[in-house]
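Enquirer: Structure below; questions to follow.
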Amino acid sequence: MQGKLYIVATPIGNLEDITLRAIKILKEVDLIAAEDTRHTLKLLNHLEISKPMISCHRHNEEEKIDKIIDKLKEGKNIAIVSDAGTPGISDPGEVIIKNAIKENIEVIPVPGACAAINALIASGIDTKEFTFLGFLPLNKKLRKNKLEEIKNSNKTIILYEAPHKILSTINDLEHILENRQVVLARELTKIHEEFIRGKLSEVKEKLINPKGEFVIIIEGIKTVESEKNNLNLLTVEEHYNYYLKQGYEKKEIIKLIAKDRNVNKNEIYIKFINKEN
Ligand code: SAM
């Protein structure tokens, strides 16, 4: 019989944030695949668990897959853990999990801490709909595209950021989102846990010599603003038809389009000079 693959969440700071079930699974499995075995050893020592480990991190996940899948096929039960929080969430795990599923191996989540969700629930920003984007790309073009996506989203956005990059990321966000409401959740579950709430400019002022780990929660744009931004993604022709369907006259439509797009109305007028209405 094949073994099972358990995805076990571990604490993101406070060592008490591990479930009774996670402890039981870590005690029972044959092997633990850990992002950093030295890091996980500290947790296992704290829980008084002694277990063989295999290292499986971002740079070797692909190489370790065959070994882990073979062991699962031999009938060994394996737990994947990352350094902190939920494996697969901006952490290794995803590749092994996908491969295990392809091999019809049972994959079992063992829930627990996740910085994104805990930052969100205490942020006070809408939780009904949200988008988790992990870390912003460093590549300039990809980063710009992501920032545009954030600008146009009417859903709450969740970002992760490393401590030494938090200031430059807040600057980039301020540049594109101007004064949007954000919450920085710092050092969750740890002694210096803190929530910094406010407009981007206010939050930036409070970030002197930032230390620790951060999650950034960004309020989505309000519906009217969001609709306006979506209209600006249309061609001018489609934009025109949108207002036409709403019953506006040609003259009014031209004015509205110019306002939405922040351009001179003559620019729009020339495009529709021969249009009847
Ligand atoms: N898998 C983890 C999870 O479930 O949250 C996330 C791992 S990711 C490599 C690390 C990032 O998560 C950090 O840079 C930070 O943005 C966020 N993070 C992790 N622990 C945190 C904490 N205690 N407080 C605030 N942010 C944290």
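Enquirer: Name the shape class, rounded, prolate or oblate, that the alpha-carbon gyration tensor gives for segment 236-276, where a ≥ b ≥ c are the square roots of its eigenvalues, rounded holds for a/c under 1.5, and otherwise prolate holds if a/b is larger than b/c and oblate otherwise.
Expert: Since a/c reaches 1.5 but b/c is at least a/b, the shape of segment 236-276 is classed as oblate.
Enquirer: Let me have the 222 nm mean residue ellipticity of the chain computed from DSSP H runs of 4+ only, each contributing -39500 (n - 2.57), with the sum over all residues rounded to the nearest 500. Don't skip to the answer; put the middle values down first.
Expert: Numbers: 12 runs with 121 residues, N = 277.
Counting only the DSSP helices, I get -13000 deg cm²/dmol.
Enquirer: Here's something else I'd like to know. Restricting to bridges with both residues inside the chain, how much of the DSSP beta-bridge set is antiparallel, in percent to the nearest 5?
Expert: Details: 17 of 37 bridges.
Given both bridge residues lie in the chain, the antiparallel proportion sits at roughly 45 percent.
Enquirer: Could you work out how far apart the two model spin labels at Arg38 and Lys206 are, taking each label as a point 7 Å from the Cα in the direction of the beta carbon, and quote it in nm?
Expert: Label-label distance for Arg38 and Lys206, simple model: 3.5 nm.
Enquirer: If you don't mind, there's one more thing I want to ask. Less than 12 Å Cβ to Cβ from Thr189, Lys/Arg counted +1 and Asp/Glu -1: what total charge do the surrounding residues give?
Expert: -4
Enquirer: Here is a further query. Where only protein heavy atoms count, and the probe is 1.4 Å, what is the accessible area per residue for segment 224-276 in Å²?
Expert: That works out to 73 Å² for each residue.
Enquirer: Taking R0 as 22 Å, what's the FRET efficiency between Glu106 and Lys24 from their Cβ-Cβ distance, rounded to 0.05?
Expert: Efficiency for this residue pair is about 0.85.
Enquirer: Could you give the alpha-carbon Rg of segment 131-277 over 2.2 N^0.38 Å, rounded to two decimals?
Expert: 1.35
Enquirer: Set the Förster radius R0 to 25 Å, insert the Cβ-Cβ distance between Ser50 and Gln2 as r into 1/(1 + (r/R0)^6), and round the FRET efficiency to 0.05.
Expert: E(calc), rounded to 0.05, equals 0.50.
Enquirer: With charges only on Cβ, +1 for K and R and -1 for D and E, what is the dipole size of segment 224-276 about its Cα centre, in debye, rounded to 20?
Expert: 180
Enquirer: While we're on this one: Suppose every K and R has +1 on its Cβ and every D and E has -1 on its Cβ; what is the size of the dipole of segment 180-243 about the Cα centre, in Debye to the nearest 20? Mind dumping the intermediate values first?
Expert: Working: 10 positive and 11 negative charges, 67 e Å.
I would put it at about 320 debye.
Enquirer: At a 1.4 Å probe, what is the % contribution of carbon and sulfur to the accessible area of segment 224-276?
Expert: 49
Enquirer: With only alpha-carbon atoms in the gyration tensor, what are the semi-axes of the equivalent ellipsoid for the chain, in Å, largest first?
Expert: Working from the Cα gyration tensor, I get semi-axes of 48, 23, 15 Å.
Enquirer: Report for segment 116-220 the percent antiparallel among DSSP-assigned beta bridges with both residues inside it, nearest 5.
Expert: 75
Enquirer: Going by average Cβ neighbours within 10 Å, how do the peptides 5-15, 92-102, 40-50 rank, with the highest at the top? Please report the intermediate quantities before stating the final value.
Expert: Working: 5-15: 21.6, 92-102: 17.7, 40-50: 14.3.
Most protected by this proxy first, the peptides run 5-15, 92-102, 40-50.
The values are calculated or read from the model by the stated rules, or taken from the named source; none is laboratory data. Because the structure is a prediction, the values reported are computed rather than measured. Methodologically, a virtual Cβ is constructed for each residue, glycine included, from the backbone with ideal geometry; neighbour enumeration extends over all protein chains shown. Areas reflect the complete protein model, heavy atoms only, side chains present, ligands, DNA and RNA absent. Shrake-Rupley method; radii C 1.70, N 1.55, O 1.52, S 1.80 Å.
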